[in-house]
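In what follows, a single structure is set out as structure tokens and then discussed.
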Amino acid sequence: MILKKKNGIYLAVAVIILMIILVYFISRPAGLYGNDQESIEKILQSEQVFQNTEIEILEIKDIYNRREVAFLSDQDPAYAEFRKDEKGNYLLSKFQDRNGEALSSFLIQEFEDQDEVHAASMLYIANQDNTISKLELTVNEEQVFEREFEVNQKAVEWIELPESNEFQFKYRYYDENGKPLNE
């Protein structure tokens, strides 16, 4: 009889411990990853990133094992980069914003090793205050790329850059009447 009571107590304690462990793992908050637009917005509005700002995602683009997010942070152009981990989840790796600019550029690079660029792009983000209708980007004094924007419209444009270990850029901007703005 005493042996049955001891076994019953051990069993009850084991069940209670098992219940505590299950409740802990079930109620534990799951990691927040950039796997979808909703979670990306939560990450960007987190304490460590753009706390207390309004986030408007304009475009999400996957490049190799990265996810590039073009967005507006309180109407200022910004971008964030997420890197895919071994489990397939996207973790925030870097972010930038340009306060007070209506059209901003961000150089996006993927390095094959420490010295060699595998691929590079120029990302342009415009907010509703943009008055530039066209830009010309000269890369390394060789290639000229053109992009047009609708004035006073939010937009995202990409320019795939030529392979190079070093870049030199020259910009020319035009207003809505086609007049150069920076000559």
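The values are calculated or read from the model by the stated rules, or taken from the named source; none is laboratory data. Predicted, not measured: the structure shown is a model, and the values here were computed from it. Methodologically, a virtual Cβ is constructed for each residue, glycine included, from the backbone with ideal geometry; neighbour enumeration extends over all protein chains shown. Accessible surface areas use protein heavy atoms only, side chains included; no ligands, DNA or RNA. Shrake-Rupley method; radii C 1.70, N 1.55, O 1.52, S 1.80 Å.
Tabulated values for the structure
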item	result
Convex hull (Cα only) mean projected area of segment 27-105, reported in nm² to one decimal	5.8 nm²
For segment 94-173, average projected area of the Cα convex hull in nm²	5.5 nm²
Protein-only accessible surface order, largest first, of Thr138, Thr131 at 1.4 Å	Thr131, Thr138
Residues of type aspartates and glutamates that Lys87 reaches as a straight line, Cα spacing below 16 Å, ignoring anything fewer than 8 places off in the same chain	Asp36
Virtual paramagnetic centre 7 Å along Cα→Cβ of Glu176, amide N under 17 Å, in segment 71-113	102-103
Cross-link pairs Lys61/Lys134; Lys42/Lys154; Lys42/Lys94; Lys134/Lys179; Lys94/Lys154; Lys94/Lys134 - those with Cα-Cα distance over 19 Å	Lys61/Lys134; Lys42/Lys154; Lys94/Lys154; Lys94/Lys134
Inter-label distance, nm, simple model (7 Å from Cα along the C-beta direction), Gln168/Glu110	2.8 nm
Stretchable slack from Glu141 to Glu160, in nm (0.36 nm times residue separation minus alpha-carbon distance)	5.3 nm
